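Q: To start, I am sharing the structure in question, which I have written as structure tokens.
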Amino acid sequence: MPGIDTAKEASWHQCVRPRCRGIRIAGVDECAAHAGPAAVASFVEAVKAGAWCDIRGTRVDRRLLRELTAGREAVFEQFIANGAVFLDDSDFSHCRFTGEANFDGAIFRASARFDEALFDGPARFARARFYKRATFDRATFTEDARFAGARFRSSASFDGAEFRQTSWFERIRVNGNLSMAGTTFRRLAWFNSTVIDGSSTLEGSSIEHDSSFEGCKFNRRASFAGTTFGGVLLFTEALFGQDASFERCSFAREAKFSRASFGADVHFDEATFSGSIWLEGMRCAGRAMFDSTSFGEQCYTEDAVFASGIWFTGAEFSASTQFGPMDAGPSLVLNRATFERRTRLQVSADRLVSIGARFLDGAVIYASGADMAFDGSIFAGPTTLAAIAPGDDSRQEARVVSLRRVDVANVTILDLDASACLFAGAYNLDKLKIESPHAFSLSPVSPTVTVGSKKVPILLFWTRRRVIAEECLWRAAGARTPRFVRRRWTTAATQPPPWLGELTDHEPESLSADRISNAYRALRKSYEDAKNEPGAADFYYGEMEMRRKDPTTSRVDRFILTCYWLISGYGMRAWRAVLALLFVVGTHGVLFTHHGFAGRPPKAQPDHVKGQLFALDSLLFNPDRNVKLTTTGVTLRLTIKTLGPILLGLAVLAVRNRVKR
């Protein structure tokens, strides 16, 4: 018969029938399958009286099994069936095995039922073969239960079973589904190198001691939802082909998923980790969900890769936490997460979203290639947001894109791009530390004209300045702004990412000029405190520009600001002050020539050189008192001696603001 090696000598007295390895029963030379009715009846009566039920190597048919298990609660002192072949449905439901139950190497050709069976002694099913469905629902294993190397060609069910001592399921293979819902493991549970081709369910189970699933393969969906793990848990190098669920699980001690591989989503939502969790070298092709999860100790994620992102929405971290370095794929989400101790995070991702997160002891966040949004987050301790060089050339440089509604008093931005960063509702901006030489984008270049094959700037002395994203959005949204101007202020570097509104529930808004001016004022103070005068000068320019553009500014103030802007660029553009000074000197020189000198003959040729030199002399020195001036000339001398030093001072001030450190 297939499955039996008839050539191999057994270690017991075999049946005399050809090709039968069954053990002889008492009084005859044949096994229970071939002996006469009287011998079988005598054997069955002896078993019921308390004798050993030894059917090793025997082919058990329906008739023999029915006689052995007659009565609702058959009791077997010893049941030895290793190598036995059960040809028909095997129903051991409600049976009680007071001694050892040995089914090592047994073959169940049809279904096998051990529902509500009681194994008072060791239960051995090592290398057993179950060709049809096998059920051990609500069975009780008082001593060790060994299923090592067993093969279930169909489904297997242990729902509600109880294992009071060590259970061994190493190297088992289940071609169908495995169900252990509500199962209780009082002692060690070993599932190393197990392979389950169908779905796996251990929902609501309890494993009170250590358990190991090292090297297991779950080819379809695996669910451990609601399970309690009381000891050390090992899923090292386990393979999950489809979705895996550990929702609402409780992990009392360490849980190790090092180098585990998940082919689809994995859920740890609302789980509780009282001990440390190891995700080192883990690979997850789907989403990794840790929403509302509680971490009592460290969470190690070194070299982990989450190809579809990882979520910690509403998670709580009680201990000092160190993430990474890890690859979070498209997203790392920390929305409403709470970090009670100092946190260090090193991640490579497309985006890092931290909406309403609380870093109660500060954090150090190193990002590679990520757009980071921290809307409404709390940084109660010193926090550094820093960039690291992307290991993947396809990723951009890391950017911080939103600090809306954040108290940034404890925040330092280090080597990050803040060109697209939104500051709406942020406070203590004057205490924000920015230690990035190129944190902000520059204003548009001068308009150009095409000459031949080259583009030549219209304004040769056009000076660009640092701008924040809110000003770019404001200018691009201006209803009265010409389209070509709006287009020049709409650049990819200053545009918030398209996902920002969707993931934060707050679309980027166009702030009023007054609010933008306040943001520039605070950032200017931050740069001044850092002794970065050129950067502060750019933000001062932006502040004044927004004040001039603000519709609530009075007409008088707007006129004064406009003149200030035209003459010297708010004291920031030396070339404008110099040009204004040259214009004033030149204009006064012409006026002196024609109207300033007294006694000039009416038809005399105007001496423009004399007029220009006198205007320059009036500006720099005390002019010659012997030169007779008209009333107009005296007035011109007073105006040039008033305007000249002002313009000269503005030029010097502008140069100083650009070079001061």
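Q: Could you order 360, 64 so the one with the most accessible surface comes first? Probe is 1.4 Å.
A: Details: 360 70, 64 0 Å².
Per-residue accessible area, sorted high to low, gives 360, 64.
Q: Can you list the residues, at least 5 places off or on another chain, whose amide H is less than 5 Å from the amide H of residue 421, using H built in the peptide plane?
A: 469
Q: Tally up the carbon and sulfur contribution to the accessible surface of the chain as a whole percent, 1.4 Å probe, everything protein left in place.
A: 51
Q: Here is a further query. Let me know the shape class of the stretch 448-553, please: from the alpha-carbon gyration tensor, a ≥ b ≥ c as square roots of the eigenvalues, rounded when a/c is under 1.5, otherwise prolate if a/b is greater than b/c, or oblate. Intermediate values should be presented prior to the final figure.
A: Values: a/c = 1.64, a/b = 1.17, b/c = 1.41.
Oblate shape, in that a/c is at least 1.5 and b/c is the bigger or equal ratio.
Q: Within the stretch 567-591, whose backbone N sits under 20 Å from a point 7 Å along Cα→Cβ of residue 609?
A: Under 20 Å, as judged by backbone N against the label point of residue 609, lie 585-591 of the stretch 567-591.
Q: In degrees, nearest 10, range 0 to 90: what is the angle between the Cα axis of helix 574-591 and the longest Cα principal axis of the chain?
A: 20
Q: Averaging sequence separations of C-alpha pairs under 8 Å and six or more residues apart, then dividing by the length of the chain, give the relative contact order as a whole percent.
A: This gives 4 percent for the chain.
Q: Something else: Taking the DSSP beta bridges in the chain as the whole, what percent of them are antiparallel, to the nearest 5?
A: Just about 5 percent of them are antiparallel.
Q: Could you work out how far the C-alpha centroid of the stretch 326-403 sits from that of the stretch 193-208, in angstrom?
A: 35
Q: Report for the stretch 292-350 the percent antiparallel among DSSP-assigned beta bridges with both residues inside it, nearest 5.
A: 0
Q: Next question. Would you give the gap between the C-alpha center of the stretch 78-102 and the C-alpha center of the stretch 105-182, rounded to a whole Å?
A: 12
Q: Subtracting the Cα-Cα distance from 0.36 nm times the residue separation, let me have the gained length for residue 397 to residue 88 in nm, one decimal.
A: Net length gain for the segment: 104.5 nm.
Q: So what is the 222 nm mean residue ellipticity for the chain from helices alone, if each DSSP H run of at least 4 adds -39500 (n - 2.57) and you divide by all residues, rounding to the nearest 500 deg cm²/dmol? Numbers along the way, then the final one.
A: Working: 11 runs with 147 residues, N = 661.
Only helices count here, giving -7000 deg cm²/dmol.
Q: Scan around residue 94 for amide H atoms under 5 Å from its own, H built in the peptide plane at 1.01 Å from N, and keep only partners 5 or more places away or cross-chain.
A: 115, 116, 117
Q: Mind checking the per residue accessible area of the stretch 574-660 for me, 1.4 Å probe, whole number of Å²?
A: For the stretch 574-660, the per-residue accessible area is 62 Å².
Q: A further question on this structure: Whole number in Å², please: accessible area per residue of the stretch 92-435, 1.4 Å probe, ligands, DNA and RNA not counted.
A: 33
Q: Further question on the same structure: What share of the DSSP beta bridges in the stretch 1-145 is antiparallel, in percent to the nearest 5?
A: 5
Q: Need one number: nm distance between label points at residue 253 and residue 622, each 7 Å from Cα along Cα→Cβ, rounded to one decimal.
A: For residue 253 paired with residue 622, the spin-label model returns 9.8 nm.
Q: OK, next. So how far, in whole Å, is the C-alpha centre of the stretch 25-53 from the one of the stretch 489-527?
A: Cα centroid of the stretch 25-53 versus Cα centroid of the stretch 489-527: 90 Å apart.
Q: Check the chain for me: any Cys whose beta-carbon has no other cysteine beta-carbon within less than 4.7 Å?
A: 53, 95, 216, 249, 284, 299, 421, 472, 563
Q: Starting from 0.36 nm per residue, how many nanometres of slack lie between residue 558 and residue 322 once their C-alpha separation is accounted for?
A: Extending this stretch completely gives an extra 79.7 nm.
Q: Would you calculate the separation in nanometres between label points at residue 409 and residue 587, each defined as 7 Å from the Cα along the Cα-to-beta-carbon direction?
A: Each label point lies 7 Å from its Cα, and together they span 5.0 nm.
Q: Would you mind checking the tilt of helix 608-620 against the longest principal axis of the Cα atoms of the chain, expressed as 0 to 90 degrees and rounded to 10?
A: Its long axis makes an angle of about 60 degrees.
Q: Roughly what angle does helix 555-568 make with the longest principal axis of the chain, taking Cα atoms, 0 to 90 degrees, to the nearest 10?
A: Between the helix axis and the principal axis of the chain, the angle is about 90 degrees.
Q: Still on this model: May I have the count of lysine pairs in the stretch 574-660 with C-alpha atoms under 22 Å apart, counting pairs 8 or more residues apart or located on different chains? Could you put the intermediate results ahead of the total?
A: Values: 603/628; 610/628; 610/641; 628/641.
Pairs that pass both the separation and distance tests number 4.
Q: Another question, then. Can you give me the convex hull volume of the Cα atoms of the chain, divided per residue and expressed in Å³?
A: Each residue corresponds to 188 Å³ of Cα convex hull volume.
The values are calculated or read from the model by the stated rules, or taken from the named source; none is laboratory data. Because the structure is predicted, anything quoted here is derived from the model rather than measured. Note: ideal-geometry Cβ built from the backbone for every residue, glycine included; neighbour counts use all protein chains shown. The accessibility values were calculated without ligands, DNA or RNA, using every heavy atom of the protein model including side chains. Shrake-Rupley method; radii C 1.70, N 1.55, O 1.52, S 1.80 Å.
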